[in-house]
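Read the figures in this text as sums done on the coordinates, not as results from a lab. Just so we're clear, the structure is a prediction, and the values are computed from it rather than from any experiment. Positions of Cβ are generated from backbone atoms using ideal geometry, with glycine treated the same way; all protein chains shown enter the neighbour counts.
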Amino acid sequence: MTVQILLRLNETVAQRLKRQVAPRHRSAFVQKLLEAALPPENDDSDPLYLAALAVEQDEALAADMAAWDVTIAGGLDNETWWEDRRL
């Protein structure tokens, strides 16, 4: 099954694509580029993903971050601050 999508390219790139790739071959050309550039769908080896996963699983870091929750409002009562500001 195929899906049609709309891509916006700057004029220079669009002209280069039109000059270099025949009209009936453009979809296949773009598909091959995307397949080569994108990681496999179930690839868990992406360094950024692995770093985020490690942060989420770090219990010491989670406890440290929870200790900072008291500073979320900066010591202000949000409702009182908003009412004072509107006056």
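Numbers at a glance
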item	result
Label-point separation in nm, residue 64 to residue 52, each point 7 Å along Cα→Cβ	2.1 nm
The range 1-19 and the range 46-74: distance between their alpha carbon centers, rounded to Å	40 Å
With Cα atoms, 0 to 90° folded angle of helix 47-57 axis to the chain main axis	30 degrees
Using θ = phi - 60° and Karplus 6.51 cos²θ - 1.76 cosθ + 1.60, couplings along the range 3-17 (whole Hz; Gly, Pro as x)	10, 8, 10, 9, 10, 10, 10, 5, 4, 5, 5, 4, 5, 4, 4
Listed residues 58, 43, 69, most fluctuating in the chain (Gaussian network, C-alpha, under 10 Å)	69
Gaussian network model of the chain, springs between alpha carbon atoms under 10 Å - residue of 15, 31, 57 with greatest fluctuation	15
